[in-house]
Amino acid sequence: MMEEMKIGTIVTGIYKTGKYIGEVTAVRPMHYLVKVKAVLKHPQQGDLHAPKEVDVPLFHERRALAFHEQTNITKNMVKAYGGEVIDYNESLKMAIEAATKALKDDDSLWAKRSLENFSVLKKDYKL
């Protein structure tokens with residue numbers, strides 16, 4: 001059985017395709033309410049139900065959760081975090097750089113569309 005997190009615990013949580021460091025602010029039967037402190041992995045671009053596909057009705061621009069945004073994360077996607085909580089803006093910059101670097105050598109249409117989205121997001125994020 002998983003250890004129950006308490007309010008105030010610093011955790012990592014996977015939400016959709018992004019990974020975050022946050023603080024548990026509420027405990028619910030199936031979820032933890034987590035307040036975002038930093039971004040570890042930027043969400044993938046495109047349709048969540050058709051990963052890495054371009055021929056979908058809407059190729060979504062997926063933004064990272066904002067600083068102090070709160071979201072419900074399924075309990076099995078939350079783990080205690082013992083490391084340093086880095087600055088949100090710096091973590092966002094590192095996460096988007098890692099995501100774009102991982103796509104540089106991919107010639108697929110999905111990678112090209114994702115890189116276009118990331119280029120727009122960098123401007124929106126003011127990075």
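Looking at this structure, is Thr17 among the β-branched types (Val, Ile, Thr) and closer than 27 Å to Phe118 by Cα? It is true that Thr17 is among the β-branched types (Val, Ile, Thr) and closer than 27 Å to Phe118 by Cα. When Ser114 is tested against the conditions (1) among the hydroxyl-bearing types (Ser, Thr, Tyr); (2) surrounded by 15 or more Cβ atoms within 10 Å (Cβ to Cβ); (3) at pLDDT 95 or above, the lone failure is (3). Considering only the range 84-127, state which residues are charged (D, E, K, R), in contact (Cβ under 8 Å) with a residue 40 or more places away in the chain and over 14 Å from Lys37 (Cα atoms). Hits for the range 84-127 are Arg113, Asp124.
Exactly one residue among Leu127, Leu58, Leu109 is under 22 Å from Gly22 (Cα atoms), out of contact with any strand residue (DSSP E or B) (no Cβ under 8 Å at 6 or more places or on another chain) and at pLDDT below 95, and that residue is Leu127.
Residue by residue, here is whether (1) closer than 30 Å to Ser108 by Cβ; (2) at pLDDT 95 or above; (3) out of contact with any Phe, Trp or Tyr (no Cβ under 7 Å at 6 or more places or on another chain); (4) not aliphatic (A, V, I, L, M) holds:
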| site | (1), (2), (3), (4) |
| --- | --- |
| Ile7 | no, yes, yes, no |
| Val11 | no, yes, no, no |
| Lys16 | yes, no, yes, yes |
| Val27 | no, yes, yes, no |
| Met30 | no, yes, yes, no |
| Ala38 | yes, yes, no, no |
| Asp47 | yes, no, no, yes |
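Of all residues assigned to the range 74-81, none qualifies as being more than 29 Å from Glu3 (Cα to Cα) and touching a residue at least 24 places away in the same chain (Cβ under 8 Å).
The values are calculated or read from the model by the stated rules, or taken from the named source; none is laboratory data. Remember, it's a predicted structure, so these values are computed and weren't measured experimentally. Cβ atoms come from the backbone with ideal geometry, glycine included; neighbour counts cover every protein chain shown.
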